[in-house]
Amino acid sequence: MVRRVLLACVWLLPAAASAQSTGTPSRLLQGIVTDAQTRDVLPGVSVFVPALDRGAATDLGGHFHISGLPADTLTVRITSVGFEPLVRRVDLREGNVSIDVRLRGATLGLTSVDVTADASRQRLTEDVRAVSTLDGDELEALRGSSLGETLAEINGVSTLSSGPTVAKPVVRGLHSERVLILDNGVQQEGQQWGGEHAPEIDPFAPGEIEVVKGAAGVEYGAGAIGGVIRLQDRPLPDAPGVGGRLSTQAFTNSGQGAASLFLEGADSGGLAWRVRGSVRRAGDARTPDFVVRNSAFAEASGEAVLGVQLGGIDWEARARRFATELGIYKGSHFGNQRNLEEIIARGGPDPDWNYEFSYEIEAPKQVVTHDVGSLRAGWRTGLGEWTAQAGVQRNHRQEFDAHRPYSDSLAALGERPSFDLTLYTGTFDTRLRHRQSDRLFGTVGVSWLNQVNSNGASGYLIPNFSAVTGGLFAHQTWLATDRLSLEAGTRLDARWQRARPYNPALREIEVEARTYGSLSGTLGALYTLGSAWSVSGNLGTAWRPPGINELYAFGVHHGTARFERGSTDLVPERSLDASATLRHESALASAEVNAYANRIADYIYFLETEGPTITIRGTFPTFDAVQDDALLRGLDATAEVRPLSWLTLGGSASLLRADNLDRDGPLYGVPSDRFGARLRLHRERLGPLAAPFAEVEVRHTTRQDRIQPEAYLPAPPPDAYTLTGLRFGTEVTVNGTPLRLALGIDNLFDVRYRDILSRFRYFIDEPGRNVTFRVTVPFGSVGT
């Protein structure tokens, strides 16, 4: 059936391209773009229609016009250097349209490379980095998947998984506390140190996602050695009216259903608002051969946003809650050493274990809630544009053992958590965007973070602690010539922390205070080579203090089914990151090649040691926190060719070589090389269908043969594997309402495979074929 549908698309779309009706009405889109803070007009702004691969730039008066557009509903993307990108839906079915666009100022970055799933849309001179976003229709096609699964669509980003329910992003081989997440300007602070602690983010909420690769310490402070993931909601509406959007998804593999509804509105007095609610519910996932027992999950989230302009100040207040309960594969927990050895030798569950599909969630499991509140203000003075943002967060994480708690033998299974942490975080950031001239501008800022962590259960995996972190930074951009731009910046951070860890030797709780502080810095340059090529380079240094878990962990980590032991001898990491990027952009093709090298002194990681730890709760592999010098070198490349108006061909490659300089061999725990190719057929219109497309994508992951000699692996690394996916989509209008429909098939051929970054690769295969169906219904005047 799938083959017939794809063949039909192959034949019909080219035919439609050569049979375009001459009677189709032509529309005009025009408007003006201004600075949201100053109301000044903005020349040179890019106004682009992705579906048609057409656009225009604003003139000196901030005006633009694009003629010859179809009488249809289109997505328009507006971008400019130093401003947040904006996506608008415009309805041209009734006639020509004029829009008034206001762009918000964004902090210019320095030290790294931003990469997204559509690098071909980037302007060569937009930044020293390749600034791009995953947004609009691209992001809409991935709604309902987790943040980690969504980011895996980006070349050079992989995922660290703990069974089917947990996936977190890995950027350039680094993850967890080395990759910061900013949610609408607030640094996400949960128990992100855990390899199976997925980001507590509603996958329906972001209007755009940016991935910043490389050391980003100047902008974001200590810890951003691997990169930064920036999540930004769609802007609040600026035109009077009320609207919204309903998104629904269905997944066959786990029986998952997902839905999200948001309503938003604005009045003529400068008041705007939005409310959103989302739910996801899934049962047990399936490999090609087995049901993955106890891999169901339930998730719900809600958000409210209010924006208003008072006294020349733009205010925006946000409040959101994320809550999830998810099961951990039961086969990853064992009663003794013999059970562990048997399942590893067998390569999977006992064939006689015929688990039935279920939506029930049992222990072992995780229950997590995350609450965030923030207040942001922006105003302009004679010095420049000021922004200030304060945030508060509460992260409550509970993990339930597969066995009865040893401290309460009468407790029912799964009723009392064996791991219960509550983390409170307060943040404050303020920054000034100043401009000395059209060619010289920059940003200075101050940030503050305060944390208190409470351990509310028995066990000593993570102790009680408190911490305060403060920083100040400055960076400057100089447009030296029409072809050359230069950037530089520096930052000073300090961290004070006090912890109450358990000393296993003395069998008592101790009090320990530590202080850390250091500088980060960056230099960058971009040079354009004619109208279609540019080259850029970055050199940055950043640092990261040891995490609380790396210093003091001592106990069973149930989500990853392992026993972890920290070390109080650890010292801060120091990263020196260098990268170079070559870009091409023309009507026929787009390409980007980024080469990088990141040397990390005193790199901290958990190394699996020979011999498991036997506890009253079972037998678990043992991991010790160790520290070595490391060098990570890699290459990320993407290319896209558009030989015909209805055909797009694409390819990608991501290669990484990581070495342990102290142990003279490969580094432990890095992703395999990955390659991809895709073919996309698309049309502006096909009969009653607007913007139909069909796409086939093939991804190949190599076997990771570069294994650190000292690492004890109970089983050999997984074999290489190749996955094929299909996607179809279009938009139809029913009673005047546009419906966006999308069908996707992942792992089309139901391939059995395991990934080197899966914590459960010893126990179970990855999920098999999965068919997804998505329907999105916008309504009202501003919900599109």
Checking PHE675 against (1) out of contact with any Phe, Trp or Tyr (no Cβ under 8 Å at 6 or more places or on another chain); (2) open to solvent by 70 Å² or more (accessible area, probe 1.4 Å); (3) outside any strand (DSSP E or B); (4) modelled with pLDDT of 85 or more, only one condition comes out false. Which one? (3)
Could you tell me how many of the residues in region 678-693 are surrounded by 20 or more Cβ atoms within 10 Å (Cβ to Cβ) and of a type in the set (D, E, K, R)? 2
Taking the residues in region 493-506 that are of a type outside the set (D, E, K, R) and buried (at least 16 other Cβ atoms within 10 Å of the Cβ) as candidates, determine which candidate is nearest to LEU539 (Cα to Cα). GLN497
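Is it fair to say ALA377 is open to solvent by 20 Å² or more (accessible area, probe 1.4 Å) and closer than 24 Å to GLN188 by Cβ? Steps first, please.
Numbers: open to solvent by 20 Å² or more (accessible area, probe 1.4 Å): no; closer than 24 Å to GLN188 by Cβ: yes.
When the stated conditions are applied, ALA377 does not pass them.
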Kindly provide the set of residues from region 715-736 that are within 30 Å of LEU667 (Cβ to Cβ) and open to solvent by 40 Å² or more (accessible area, probe 1.4 Å), ordered by number. PRO716, ASP719, ALA720, THR722
Can you tell which of VAL41, VAL87, VAL33, VAL81 is touching a helix residue (DSSP H, G or I) at 6+ places or on another chain (Cβ under 6 Å), crowded, with 16+ Cβ neighbours inside 10 Å and either among the aliphatic types (A, V, I, L, M) or modelled with pLDDT of 80 or more (or both)? VAL87
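Identify, from the list ARG286, ARG281, the residue that is basic (Lys, Arg) and either surrounded by fewer than 23 Cβ atoms within 10 Å (Cβ to Cβ) or within 21 Å of THR776 (Cα to Cα) (or both).
Going through ARG286, ARG281 in turn, just one is basic (Lys, Arg) and either surrounded by fewer than 23 Cβ atoms within 10 Å (Cβ to Cβ) or within 21 Å of THR776 (Cα to Cα) (or both): ARG281.
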With respect to GLY547, determine if the residue is of a type outside the set (A, V, I, L, M, F, W, C), touching a residue at least 24 places away in the same chain (Cβ under 8 Å) and open to solvent by 10 Å² or more (accessible area, probe 1.4 Å). no
Just the residues that are within 30 Å of ARG54 (Cα to Cα) and open to solvent by 30 Å² or more (accessible area, probe 1.4 Å), please, taken from region 615-641. THR638, ALA639, VAL641
Unmet criterion (only one of (1) in a loop (DSSP other than H, G, I, E, B); (2) within 30 Å of GLY173 (Cβ to Cβ); (3) open to solvent by 20 Å² or more (accessible area, probe 1.4 Å)) for ARG230: (1)
Check whether at least one residue in region 664-671 is in contact with a Ser or Thr (Cβ under 8 Å, 6 or more places away or on another chain) and either part of a strand (DSSP E or B) or surrounded by 15 or more Cβ atoms within 10 Å (Cβ to Cβ) (or both), and report yes or no. yes
Residues of region 171-180 classified as open to solvent by 20 Å² or more (accessible area, probe 1.4 Å) and without any contact (Cβ under 8 Å) to a residue 60 or more places away in the chain, total: 1
Mind checking whether some residue in region 462-482 is over 30 Å from THR430 (Cβ atoms) and under 27 Å from the mean Cα position of the chain (by Cα)? yes
All positions within region 711-753 that are in a loop (DSSP other than H, G, I, E, B), closer than 30 Å to ALA690 by Cα and among the hydrophobic types (A, V, I, L, M, F, W, C): LEU748, PHE749
Among the residues of region 196-218, is there at least one that is modelled with pLDDT under 80, out of contact with any strand residue (DSSP E or B) (no Cβ under 9 Å at 6 or more places or on another chain) and either of a type outside the set (Lys, Arg) or open to solvent by less than 10 Å² (accessible area, probe 1.4 Å) (or both)? no
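Consider region 362-404. How many of its residues are acidic (Asp, Glu), more than 22 Å from ALA282 (Cβ to Cβ) and not in a strand (DSSP E or B)?
Counting residues in region 362-404 that are acidic (Asp, Glu), more than 22 Å from ALA282 (Cβ to Cβ) and not in a strand (DSSP E or B) gives 1.
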Quick check on my filter: what residues within region 233-260 are of a type in the set (A, V, I, L, M), open to solvent by 20 Å² or more (accessible area, probe 1.4 Å) and assigned to a strand (DSSP E or B)? VAL242, LEU246, ALA250, ALA259
Go through region 568-605 and give me each residue that's open to solvent by less than 30 Å² (accessible area, probe 1.4 Å), in contact with a strand residue (DSSP E or B) (Cβ under 6 Å, 6 or more places away or on another chain) and either small (Gly, Ala, Ser) or closer than 25 Å to GLN497 by Cα (or both). LEU570, GLU573, SER575, SER579, ALA589, SER590, ILE600, ALA601, TYR603, ILE604
ASN450 being at negative phi, out of contact with any Gly (no Cβ under 6 Å at 6 or more places or on another chain) and among the polar types (S, T, N, Q): no
Among residues belonging to region 694-714 that are closer than 24 Å to GLU341 by Cα, among the hydrophobic types (A, V, I, L, M, F, W, C) and touching a Gly at 6+ places or on another chain (Cβ under 9 Å), point out the one that is least open to solvent (accessible area, probe 1.4 Å). ALA711
Name the residue, out of SER645, SER652, that is touching a residue at least 12 places away in the same chain (Cβ under 8 Å), surrounded by fewer than 17 Cβ atoms within 10 Å (Cβ to Cβ) and small (Gly, Ala, Ser). SER645
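Results for (1) closer than 26 Å to ALA474 by Cβ; (2) modelled with pLDDT of 85 or more, shown as yes or no for each residue.
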{"residue": "ALA494", "(1), (2)": "yes, yes"}
{"residue": "ARG498", "(1), (2)": "no, yes"}
{"residue": "TYR502", "(1), (2)": "no, no"}
{"residue": "GLU508", "(1), (2)": "no, no"}
{"residue": "ARG514", "(1), (2)": "no, yes"}
{"residue": "SER518", "(1), (2)": "yes, yes"}
{"residue": "LEU523", "(1), (2)": "yes, yes"}
{"residue": "GLY530", "(1), (2)": "no, no"}
Looking at THR581, THR622, THR568, THR638 in this structure, which one is in a strand (DSSP E or B) and more than 27 Å from the chain's Cα centre (by Cα)? THR622
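Based on what the data block shows, is THR528 out of contact with any Leu (no Cβ under 7 Å at 6 or more places or on another chain), touching a residue at least 12 places away in the same chain (Cβ under 8 Å) and assigned to a strand (DSSP E or B)? Lay out the reasoning, then the answer.
On the way: out of contact with any Leu (no Cβ under 7 Å at 6 or more places or on another chain): no; touching a residue at least 12 places away in the same chain (Cβ under 8 Å): yes; assigned to a strand (DSSP E or B): yes.
No; evaluated as a whole, the condition is false for this residue.
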Hits in region 726-755 (condition: small (Gly, Ala, Ser) and modelled with pLDDT of 95 or more): none
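The values are calculated or read from the model by the stated rules, or taken from the named source; none is laboratory data. All values derive from a computational prediction rather than experimental measurement. Heads up, the Cβs are rebuilt from the backbone with ideal geometry, glycines too, and the neighbour counts pull from every protein chain shown. Note: accessible area is taken over every heavy atom of the protein model, side chains too, but ligands, DNA and RNA are not part of it. Shrake-Rupley method; radii C 1.70, N 1.55, O 1.52, S 1.80 Å.
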